[in-house]
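Student: Before we start, here is the structure in question, set down as structure tokens.
The values are calculated or read from the model by the stated rules, or taken from the named source; none is laboratory data. Being a predicted model, the structure only gives us computed values, none of them experimental. Virtual Cβ from ideal backbone geometry, glycine too; neighbours counted across all protein chains shown. Accessible surface areas use protein heavy atoms only, side chains included; no ligands, DNA or RNA. Shrake-Rupley method; radii C 1.70, N 1.55, O 1.52, S 1.80 Å.
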Amino acid sequence: MISGFLRALCNVIALVCSATIASAQSPPQPRVTIGYVEIASDPRYEPITAYGRLVLKSRDRPFAGAKVGLDEAQALTRVLKIDFALERISVKSPAEVAGAVVSARDTSGIHVFIVDAPAEAFKPLADAVKGRDILVFNTTAADDALRRNLCAAELVHTLPSLAMSMDALTQYLVVAQVEQYSGL
């Protein structure tokens, strides 16, 4: 009876060890790295001050939002069995954005980029990524010319343009005016 118990115990230990070894030898999950490109001393993020040093409003970069989005994608990570990572890339000027994106693609294999840069960075960037397997998300440049003159398959604008914002505001004001006078 004891030998049967020992045999069963040895079988359970062997099963647990083989499962542990099999899980240790399973290939790691693939990783998708998203590049976040920003300008190091971007004047758009300087705090609004009054009387010299009194800070009226601080303006934060959208990097924190990208990190929150990555955290919220953890459920997707478990389902798709893909890890997501965010790599922060800082450049000194808008002229360096295109080179940084192409360099990160060639050296680190990053295919998806979130770009936090003013509008003047996007024309050279669109030219640099044209025909490559790179997807760029414009997150902060709302200039109308980007949507009119700079149409590229590799460039997605996530922020509404100034014309879109004005149209939405006008439609809202028209509806509010109609509701006010119609008694609704």
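Student: At a 1.4 Å probe, what is the % contribution of carbon and sulfur to the accessible area of segment 31-145?
Tutor: After summing per-atom areas, the C and S share lands at 55 percent.
Student: Give me, ordered by chain and number, the residues 5 or more places off ILE89 or on other chains with an amide H under 5 Å from its own placed amide H.
Tutor: TYR36, VAL37, GLU38
Student: Related question: How much area per residue is accessible in segment 29-133 when the probe is 1.4 Å and only protein heavy atoms are counted (Å²)?
Tutor: For segment 29-133, the per-residue accessible area is 60 Å².
Student: Here is a follow-up. Please work out whether segment 30-149 counts as rounded, prolate or oblate from its C-alpha gyration tensor, where a ≥ b ≥ c are the square roots of the eigenvalues and a/c under 1.5 means rounded, while otherwise a/b larger than b/c means prolate and anything else oblate?
Tutor: Verdict is oblate for segment 30-149.
Student: If each of THR49 and THR107 carries a label point 7 Å out from its Cα toward its Cβ, how far apart are those two points in nm?
Tutor: 3.4 nm
Student: Same structure, new question: Ranked from the most accessible area to the least, with a 1.4 Å probe and all protein chains present, what is the order of TYR172, TYR51, TYR36?
Tutor: Sorted by accessible area, descending: TYR51, TYR172, TYR36.
Student: Could you put VAL101, VAL175 in order of accessible surface area, largest first, with the 1.4 Å probe and the full protein assembly present?
Tutor: The ranking, largest first, comes out as VAL175, VAL101.
Student: A further question follows. Full-extension gain between SER93 and LYS81, please, as 0.36 nm times their residue separation minus the C-alpha to C-alpha distance.
Tutor: 0.6 nm
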